[in-house]
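Engineer: Quick one: the structure is below, questions incoming.
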Amino acid sequence: MEEINEPFDPKMILERIGYSLYQIFQDITPIEYHSKLEDLRQRYIKHFQSLDISYISLLPEVSETLSIIKKRGFMQAIATNKTATEAERILSELKVSNYFDEMAGFMTVDKPKPDPDMILYLLDKLEIKKNETVFVDDTGIGLTAGIKAGVITIGITTGNNTLQQIQKVRPDTVINRLSELPRLLA
C-alpha cells in the first residue's frame, strides 16, 4: 500500500485473512486500482518471497500430528489461496511438505476460496468421496468452501479468526489444537 501511496489499517488486512490477494486488494484499494489487481498481487508476492522464511513457524504439535495422520494411512492435501508453488516453498522450509499428497492453490482452479473449486479439484485428483473427506481450516472463508464442497468441516481456532467467526459459518465441529484431530478420524 505504501508503494501506491495509499493508507491502510493493518486491521483491514487481518479481517481478510483467508481471502485471495485479488479480493483483499479489491476490498482495500480505491476503485482506480481494481484494473491493476494482478500487478498489486505480483508486487505483494515479490515482497513476500523476499522475506526470510524464519519468521514463519509451525504451531506446536503440527508436525507430529501430520505424521500420526499419515502413518494411519490417511491422505492429506492442502487447499490454499496462496499459489501452490508458494505454499510448497513454505512447507518445504518447514520440513512438512512430505506429509501432503496433493495441493491446490490460487492458480490451480478458476475460483479461490470461499468457492469450493479447490476442494472439489483435490477430491477428483485424489479420487476421494465427499463423505470420506475431512476439511480443516482456521478461517470462515476456508470453512465456507468446505461446506459448499459438501465435505465434513472442522474449524480450528489456531489462526486469526475468533471462535465466534468460525462458529458463524457452522462447521461440523471445532477444535482448538491440531493434535485433537487424530481422535476425530475413524
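The values are calculated or read from the model by the stated rules, or taken from the named source; none is laboratory data. Since the model is a prediction, treat every value here as computed from it, not as a measurement. Note that we place each Cβ from the backbone using ideal geometry, even for glycine, and neighbour counts take in every protein chain shown.
Engineer: Suppose we filter 53, 69 for residues that are surrounded by fewer than 17 Cβ atoms within 10 Å (Cβ to Cβ) and either within 15 Å of residue 21 (Cα to Cα) or of a type in the set (Val, Ile, Thr) (or both); which single one remains? Walk me through it before giving the result.
Structural biologist: On the way: 69 fails: surrounded by fewer than 17 Cβ atoms within 10 Å (Cβ to Cβ).
So the residue among 53, 69 that is surrounded by fewer than 17 Cβ atoms within 10 Å (Cβ to Cβ) and either within 15 Å of residue 21 (Cα to Cα) or of a type in the set (Val, Ile, Thr) (or both) is 53.
Engineer: Report whether or not residue 8 is at pLDDT below 90 and not in a loop (DSSP other than H, G, I, E, B). Give the steps one after another, and end with the answer.
Structural biologist: Working: at pLDDT below 90: yes; not in a loop (DSSP other than H, G, I, E, B): no.
Considered against the rule, which asks whether it is at pLDDT below 90 and not in a loop (DSSP other than H, G, I, E, B), residue 8 comes out as no.
Engineer: Looking at this structure, is residue 69 in the same structural domain as residue 132 (by TED's automatic domain parsing) and assigned to a strand (DSSP E or B)? Reasoning before the result, please.
Structural biologist: Working: in the same structural domain as residue 132 (by TED's automatic domain parsing): yes; assigned to a strand (DSSP E or B): no.
When the stated conditions are applied, residue 69 does not pass them.
Engineer: Continuing with this model, one more query. Mind listing whichever residues of the range 35-92 are more than 19 Å from the chain's Cα centre (by Cα) and hydroxyl-bearing (Ser, Thr, Tyr)?
Structural biologist: 35, 50, 54, 67
Engineer: Any residue that is among the small types (Gly, Ala, Ser), buried (at least 20 other Cβ atoms within 10 Å of the Cβ) and in contact (Cβ under 8 Å) with a residue 24 or more places away in the chain - is there at least one of those in the range 148-169? If you could, list the steps in order and put the result at the bottom.
Structural biologist: Step one: list which residues in the range 148-169 are among the small types (Gly, Ala, Ser), which gives 149-150, 155, 159.
Okay, now just the ones that are also buried (at least 20 other Cβ atoms within 10 Å of the Cβ), so 149, 155.
With in contact (Cβ under 8 Å) with a residue 24 or more places away in the chain added as a condition, the list becomes 149.
Yes, the range 148-169 contains a residue that is among the small types (Gly, Ala, Ser), buried (at least 20 other Cβ atoms within 10 Å of the Cβ) and in contact (Cβ under 8 Å) with a residue 24 or more places away in the chain.
Engineer: Which one is surrounded by the most Cβ atoms within 10 Å (Cβ to Cβ), of the residues in the range 23-40 that are within 15 Å of residue 5 (Cα to Cα) and touching a residue at least 12 places away in the same chain (Cβ under 8 Å)?
Structural biologist: Selected residue: 25.
Engineer: For the list (1) in contact (Cβ under 8 Å) with a residue 40 or more places away in the chain; (2) touching a Lys or Arg at 6+ places or on another chain (Cβ under 8 Å); (3) in a helix (DSSP H, G or I); (4) within 28 Å of residue 11 (Cα to Cα), I need the number of the one condition that residue 182 fails.
Structural biologist: With (1) in contact (Cβ under 8 Å) with a residue 40 or more places away in the chain; (2) touching a Lys or Arg at 6+ places or on another chain (Cβ under 8 Å); (3) in a helix (DSSP H, G or I); (4) within 28 Å of residue 11 (Cα to Cα) applied to residue 182, the lone miss is (4).
Residue-by-condition table, conditions (1) under 22 Å from residue 14 (Cβ atoms); (2) in a loop (DSSP other than H, G, I, E, B); (3) not polar (S, T, N, Q):
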| position | (1), (2), (3) |
| --- | --- |
| 95 | no, yes, yes |
| 108 | no, yes, no |
| 118 | no, no, yes |
| 121 | no, no, yes |
| 125 | no, no, yes |
| 159 | yes, yes, yes |
| 164 | yes, no, no |
| 186 | no, yes, yes |
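Engineer: Taking the options 20, 50, name whichever one is of a type outside the set (Asp, Glu), out of contact with any helix residue (DSSP H, G or I) (no Cβ under 9 Å at 6 or more places or on another chain) and either under 24 Å from residue 116 (Cα atoms) or free of Cβ contacts under 8 Å to residues at least 40 places away in the same chain (or both).
Structural biologist: Numbers: 20 fails: out of contact with any helix residue (DSSP H, G or I) (no Cβ under 9 Å at 6 or more places or on another chain).
Just a single option satisfies the conditions, and that option is 50.
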